[in-house]
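Engineer: Below is one structure. I have some questions about it.
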Amino acid sequence: MENLFIDISEKKVFEVEKIRKDFPILSRLIHGKNLVYFDNAATTQKPRQVIDSIQNYYVNLNSNIHRGVHYLSEAATKEYECTRKIIQNFINAKHLEEIIYTRGTTESINLVASSYGFANFKKDDEILISAMEHHSNIVPWQIICQHTGAKLKVIPMNDDGEIILEEFDNMLNEKTKFVSVVHVSNSLGTINPIKYIIDKAHNFNIPVMVDAAQSIQHLKIDVQQLDCDFLAFSGHKIYGPTGIGILYGKKKYLIEMPPYQGGGDMIMSVSFEKTIYNELPYKFEAGTPNIAGVIGLGVAIRYINNIGIEAINNFENELLSYATNLLSDMKGLKIIGTAKDKTSVISFIIDNAHPHDVGTILDRDGVAVRTGHHCTEPVMRRFNIPATTRASFSFYNTFYEIDVLAKSLKKVINLFN
Ligand code: PLP
């Protein structure tokens with residue numbers, strides 16, 4: 001712990017101080033201390049550019065989209081549709097209409113489970129998920145299984161928090177009808193080998209959905225290269241607003257899938273006798289959407305593109321290994337999730353201290369972390385613990401902030417031991 005305050009920002013690998021100026025909230029004081037925001041896996045902070053774009057929409061553009069011929073409606077529609085193109089390029093989707101706006105990862109998964117599941121699953125079919133899924137990649141599949149008689153099967157993980165691939169291989173069979181896996185675990189930080197999983201499943205013609213809620217902001221994602229069939233993420237975890245998310249789906253599936261919700265905008269024509277649904281992607285976008293959210297998300301992705309996702313990933317990996325080294329040296333602290341391939345998340349427990357107490361003490365030092373089961377109760381059960389404390393990093397965090405965390409944790413350890 002002697003090296004706690006060595007300033008290794010000298011390295012100047014990444015212009016983090018310049019970047020931090022774009023995020024107004026980072027200069028806040030909390031309990032009289034500089035905010036150290038390590039709850040990025042829950043939601044990321046927003047750069048000024050995103051905040052301004054939302055304000056600009058309401059000040060200068062506010063109007064409903066798609067249905068107006070007046071100037072404001074056309075201008076708002078243009079901005080709204082522009083984001084779709086930005087997202088298409090960002091994840092390298094083949095077709096623009098494969099990008100569907102939703103409320104977030106949760107809604108994207110529910111959409112697929114409900115629409116694809118109702119149309120395709122039947123009694124005794126098997127749906128595979130992994131042991132480290134967020135509740136939002138468990139419960140929608142349980143619901144559809146209850147309705148159709150399909151069975152949910154769970155790919156186990158090892159003590160490091162890695163999917164056991166041999167088990168996965170053995171679980172695939174002619175009854176398997178769908179695989180849905182998380183790319184990066186929100187409670188362990190594990191990066192799963194999704195390319196392997198997708199390729200193996202495709203050998204059996206099984207479609208694969210990727211929960212990219214915790215990977216889209218850290219890793220380069222190319223849906224054509226991955227060859228995933230569906231992919232979901234949330235705007236608020238990639239520096240955009242809350243209430244907006246993306247579902248990517250291969251056109252061949254989306255065309256066949258029935259609508260998820262009915263209402264305005266998702267129809268071509270309606271009569272009491274018959275409704276003709278709109279074409280993709282609008283078939284899945286019923287009702288007035290989160291227009292400001294979509295516009296803000298487009299600006300957030302542009303912001304990320306300006307820095308470069310590879311540069312972001314490199315810097316975040318440095319933060320992670322710096323923090324892992326510091327925390328690994330602390331007696332009385334145990335890291336939960338020690339996969340070989342990890343990104344941006346450290347979960348840990350401290351002897352004799354409940355994570356909520358840890359979180360409260362850190363908060364007094366201005367350090368925001370998350371404590372609890374992180375919506376992954378089965379993960380906690382797998383490790384036989386009630387909860388963890390989780391620090392999750394973003395490219396706007398610094399090595400100095402990790403030192404502050406470590407110093408505060410040292411205090412906790414002394415207090416409880
Ligand atoms: N999947 C993972 C891995 C997550 O970490 C989260 C949120 O923490 C979700 C899904 C759900 O995301 P949202 O609440 O934005 O829909």
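The values are calculated or read from the model by the stated rules, or taken from the named source; none is laboratory data. Values in this document were obtained by computation on a predicted structure and should not be read as measured data. Here the Cβ positions follow ideal geometry from the backbone for every residue, glycine too, while neighbour counts run over all protein chains shown. These accessible areas exclude ligands, DNA and RNA; they are computed on the full protein's heavy atoms, side chains included. Shrake-Rupley method; radii C 1.70, N 1.55, O 1.52, S 1.80 Å.
Engineer: Using the beta-carbon distance between GLN261 and ASP341 and R0 = 41 Å, what value does 1/(1 + (r/R0)^6) give for FRET efficiency, to the nearest 0.05?
Structural biologist: 0.65
Engineer: Here is a further query. So which aspartates and glutamates pass the test for LYS340, namely a Cα distance under 16 Å, with those fewer than 8 places away in the same chain ruled out?
Structural biologist: ASP159, ASP160, GLU162, GLU316, GLU318
Engineer: May I pose another question? Relative contact order, percent, of region 51-305 when contacts are C-alpha pairs under 8 Å separated by at least 6 residues? It would help to have the intermediate numbers written out before the result.
Structural biologist: Values: 476 pairs, mean separation 62.6, N = 255.
Relative contact order for region 51-305 comes out at 25 percent.
Engineer: Using 0.36 nm times the number of residues separating ALA368 and CYS82, minus their current alpha carbon distance, what extension gain do you get? Provide the component values of the computation, followed by the final result.
Structural biologist: Working: separation 286, 0.36 × 286 = 102.96 nm, distance 3.46 nm.
In short, 99.5 nm is gained.
Engineer: Hey, what's the chain come to in accessible area per residue, 1.4 Å probe, Å²?
Structural biologist: 44 Å²
Engineer: For the full complex of protein chains and a 1.4 angstrom probe, list ARG48, ARG390 by accessible area with the highest value first.
Structural biologist: ARG48, ARG390
Engineer: Another one. What net charge is computed for the residues neighbouring LYS21, neighbours being all others with C-beta under 12 Å from the C-beta of LYS21, Lys and Arg scored +1, Asp and Glu -1?
Structural biologist: Numbers: positive: LYS18, ARG20, ARG48; negative: GLU15, GLU17, ASP22.
Overall, the nearby charge balance is 0.
Engineer: Pull up the cross-link candidates among the lysines for LYS331, meaning alpha carbon to alpha carbon under 21 Å and not fewer than 8 places away within one chain.
Structural biologist: By straight Cα distance, LYS331 reaches LYS407, LYS410, LYS411.
Engineer: Here's another thing I want to ask about it. Among the DSSP beta bridges whose two residues both lie in the chain, what percent are antiparallel, rounded to the nearest 5?
Structural biologist: 60 percent
Engineer: What net charge do the residues around MET268 carry, taking every other residue with its C-beta under 15 Å from that of MET268, with Lys and Arg at +1 and Asp and Glu at -1?
Structural biologist: -2
Engineer: Ok, one more. Using label points projected 7 Å from each Cα along Cα→Cβ, tell me how many nm separate HIS95 and LYS151, to one decimal.
Structural biologist: Calculated label separation equals 3.5 nm.
Engineer: Residues with amide H under 5 Å of TYR277's amide H, sequence separation 5 or more or different chain, H placed in the peptide plane at 1.01 Å from N; which?
Structural biologist: The answer is MET268.
Engineer: Over region 86-144, what percent of the accessible surface lies on carbon and sulfur atoms, probe 1.4 Å? Mind dumping the intermediate values first?
Structural biologist: Working: 1020 of 1980 Å².
On region 86-144, the fraction of accessible area on carbon and sulfur atoms equals 52 percent.
Engineer: Right, here's the next one. Decide, for the chain, between rounded, prolate and oblate: order the square roots of the alpha carbon gyration tensor eigenvalues as a ≥ b ≥ c, take rounded if a/c falls under 1.5, and otherwise choose prolate if a/b is larger than b/c, else oblate.
Structural biologist: Oblate is the answer for the chain, as a/c is 1.5 or above yet b/c matches or exceeds a/b.
Engineer: Further, regarding this structure: Between GLU74 and ASN34, what is the spin-label point distance in nm, taking each point 7 Å from the Cα along the Cα→C-beta axis?
Structural biologist: The modelled label-to-label distance comes out at 5.0 nm.
Engineer: Just grab the label-to-label distance for TYR400 and SER63, each label 7 Å out from Cα along the Cβ direction, in nm (one decimal).
Structural biologist: 4.7 nm
Engineer: Kindly sort TYR58, TYR303 by accessible area of their heavy atoms, largest first, with the probe set to 1.4 Å.
Structural biologist: Highest to lowest solvent-accessible surface, that is TYR58, TYR303.
Engineer: How charged is the neighbourhood of ILE191? Take every other residue with its Cβ under 13 Å from the Cβ of ILE191, and add Lys/Arg as +1 and Asp/Glu as -1.
Structural biologist: Combined, the nearby Lys, Arg, Asp and Glu give -1.
Engineer: At 1.4 Å probe size, with the rest of the protein present, what percent of the exposed accessible area of region 325-399 is carbon and sulfur atoms?
Structural biologist: 47 percent
Engineer: Test of understanding: in a Gaussian network model of the chain with alpha carbons linked when under 10 Å, which of GLN45, GLN225, GLN217 would top the mean-square fluctuation ranking?
Structural biologist: Largest GNM mean-square fluctuation: GLN225.
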